Amino acid sequence: AWLGAGVLERSAPCAEQPEHATRDVRRPLWPILLMAASDRATGAALTAVFAGFLARNLGYDPAQRGLLVGLPLILMAVGAAPAGWIADRLGALRVRSGCAVGYALCFALVPWLGFSTVALSLVLLVLGVAAAPLLPASLSLASQTGRGTAGLAAFRAAGDAGYFLGILAVVAVGALAGGDRMGTQQALMAGFGALHLACTACTLIATRQGR
C-alpha cells in the first residue's frame, strides 16, 4: 500500500501541471529563412550593381567607389555588437523589422542620389546603421525556433541561396535589358529594395501569428 501511495504522490505534480506548460511556443522557421535570403540577395545586388553603377554612369574613380561601397559594409560590421545589445532589450523581432524597413527604403533610394556625393554618403550611412541589427537579430530569432544546429544550418543555406538568386537576377536582367544602362541599374536597386520590404512585412506577420 505504501508503495502505491508513493507512486501516486510522485506522479501527482505532473497531473496538476497547467495545460500551457506543455504547449509548443517555438517560432516558425520559414520566416527566419526568408529574412536570411532577402538580406543576402540585397547584399549581392549592392556589390554587383552599385559599384558598376558608380563607375559606368557617374564617373566615380576606384578610390571613391571603394569608400562608398565599403561605408555601409564597415558600419554593418562595427555596429553588429551594439545592435545585438539593443535587440536584447527591445526585442529581436521589433528591432529587426524596424531596421529592415529603413534598410530597404535607403537601398531603393541609393541609385537616385548618385549625382550628389554628400546625399549618397548620408543615405549609405543610414543604410549601414540600419543593416547592422539584421544578422544578429535574425540569428536570435533562428535560435528561438528550437531547431538547434539544424535550424542554424538552414539559416546559412537560405542566405547562400538568396545571394545566388540575387546575383542570378542581376545577370539575367542585365542580359535582357542592358546591364550598363542607368535606368536598368536604378530599376534593379529599387526592385531589390521593394522585394526586401515585402519580405519584411511577410515575415513580421507570419512570425507574430506563429505560422
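From the list Ala131, Ala142, the lone residue that is touching a Leu at 6+ places or on another chain (Cβ under 9 Å), closer than 25 Å to Leu67 by Cβ and in contact (Cβ under 8 Å) with a residue 12 or more places away in the chain is Ala131. Mind checking whether some residue in region 143-154 is more than 28 Å from Phe50 (Cα to Cα) and in contact with a Gly (Cβ under 6 Å, 6 or more places away or on another chain)? Scanning region 143-154 turns up at least one residue that is more than 28 Å from Phe50 (Cα to Cα) and in contact with a Gly (Cβ under 6 Å, 6 or more places away or on another chain). Of the residues contained in region 148-156, one or more are found to be touching a residue at least 40 places away in the same chain (Cβ under 8 Å) and closer than 18 Å to Gly84 by Cα.
Table: residues versus (1) in contact with a Leu (Cβ under 8 Å, 6 or more places away or on another chain); (2) surrounded by 14 or more Cβ atoms within 10 Å (Cβ to Cβ); (3) not hydrophobic (A, V, I, L, M, F, W, C).
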| site | (1), (2), (3) |
| --- | --- |
| Phe155 | yes, yes, no |
| Ala161 | no, yes, no |
| Leu168 | no, no, no |
| Phe192 | no, yes, no |
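The C-beta contact set for region 87-102 (first residue in contact (Cβ under 8 Å) with a residue 12 or more places away in the chain, second residue open to solvent by 30 Å² or more (accessible area, probe 1.4 Å) and not in a helix (DSSP H, G or I), distance under 8 angstrom, 6+ apart or interchain) comprises Ala92/Gln144. Output yes when any residue across region 89-96 is buried (at least 18 other Cβ atoms within 10 Å of the Cβ) and in a loop (DSSP other than H, G, I, E, B), and no when none is. So far as region 89-96 goes, no, none of its residues is buried (at least 18 other Cβ atoms within 10 Å of the Cβ) and in a loop (DSSP other than H, G, I, E, B).
One residue stands out in region 25-38 among those that are open to solvent by 100 Å² or more (accessible area, probe 1.4 Å) and part of a loop (DSSP other than H, G, I, E, B): the one that is modelled with the lowest pLDDT, namely Val25.
When His20 is tested against (1) over 30 Å from Arg147 (Cβ atoms); (2) assigned to a helix (DSSP H, G or I); (3) modelled with pLDDT under 85, only condition (1) is not met.
The values are calculated or read from the model by the stated rules, or taken from the named source; none is laboratory data. Since we're looking at a predicted model, the values are computed, not measured. All Cβ positions, glycine included, derive from the backbone under ideal geometry; neighbour counts span all protein chains shown. All accessible areas refer to the heavy atoms of the entire protein, side chains included, with ligands and DNA or RNA removed. Shrake-Rupley method; radii C 1.70, N 1.55, O 1.52, S 1.80 Å.
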